[in-house]
Amino acid sequence: MNTIYRNLSIPMRHLVLTRNPLFQKGSLIRRMTVEIDKEELKKRLTPLQWHVTQEKGTERPFSGCYNKFYEKGTYTCIICDQELFSSDTKYDSGCGWPAFNEVLDQGRVKLTKDTSHDMVRTEVTCSKCGAHLGHVFNDGPKPTRKRFCINSASINFHPAGEEKKTTS
């Protein structure tokens, strides 16, 4: 079985959780080690979702369903359903991908230097499951000056006022 190991805060369906003895003493959240069954995940995702989230791919610009989508609600990780972005921080950057100037909480994403394709960028991944989401740039609007350029294939949308269906 092909597996990847990630750190999570809460258990979810299709994941096997075990306690990580290295969590910080006094921490309110215990870190968990998780095995993600890659074969099950591959069955659940479309080929594009798999390519983007698991192989650090990028969807074609202007092709994603959330690029010109402006309903009120919350955007979540397509793999683990962690809440990532609010529609209140979404804007039309003209780049061809959904753009946000702020994350719901900085702890919900991990930022990593990305030097692939002979460029220097900052990769954005889900802090809970490690799924590749996109990149962040320092050319966004005030007050943050951030442009989180996120692949539609890596996120789901939950309309405001509707109870979110959980996968845990």
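At a glance:
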read-out	value
The listed residue being under 16 Å from Thr53 (Cα atoms), at pLDDT 95 or above and touching a Leu at 6+ places or on another chain (Cβ under 9 Å), out of Leu111, Leu133	Leu133
Among the residues listed as Thr144, Thr58, the single one being among the polar types (S, T, N, Q), closer than 26 Å to Glu39 by Cβ, assigned to a loop (DSSP other than H, G, I, E, B) and touching a residue at least 24 places away in the same chain (Cβ under 8 Å)	Thr58
Of the criteria (1) over 25 Å from Pro47 (Cα atoms); (2) hydroxyl-bearing (Ser, Thr, Tyr); (3) touching a Phe, Trp or Tyr at 6+ places or on another chain (Cβ under 9 Å), which one Thr144 fails	(3)
Filtered residues of the stretch 114-130 (kept if of a type in the set (S, T, N, Q) and either modelled with pLDDT of 95 or more or in a loop (DSSP other than H, G, I, E, B) (or both))	Thr115, Thr122, Thr125, Ser127
Every residue from the stretch 122-141 that is within 14 Å of Gln82 (Cα to Cα) and either among the small types (Gly, Ala, Ser) or touching a residue at least 40 places away in the same chain (Cβ under 8 Å) (or both)	Cys126, Ser127, Lys128, Cys129, Gly130, Ala131, His132, Leu133
Filtered residues of the stretch 61-111 (kept if among the charged types (D, E, K, R), surrounded by 15 or more Cβ atoms within 10 Å (Cβ to Cβ) and assigned to a loop (DSSP other than H, G, I, E, B))	Asp81, Glu102
Hits in the stretch 26-55 (condition: in a loop (DSSP other than H, G, I, E, B) and either in contact with a Lys or Arg (Cβ under 6 Å, 6 or more places away or on another chain) or at pLDDT 90 or above (or both))	Leu45, Thr46
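The values are calculated or read from the model by the stated rules, or taken from the named source; none is laboratory data. Source: prediction; values computed, not measured. Using ideal geometry, Cβ is built from the backbone for each residue, glycine included, and neighbour counts are taken over all protein chains shown.
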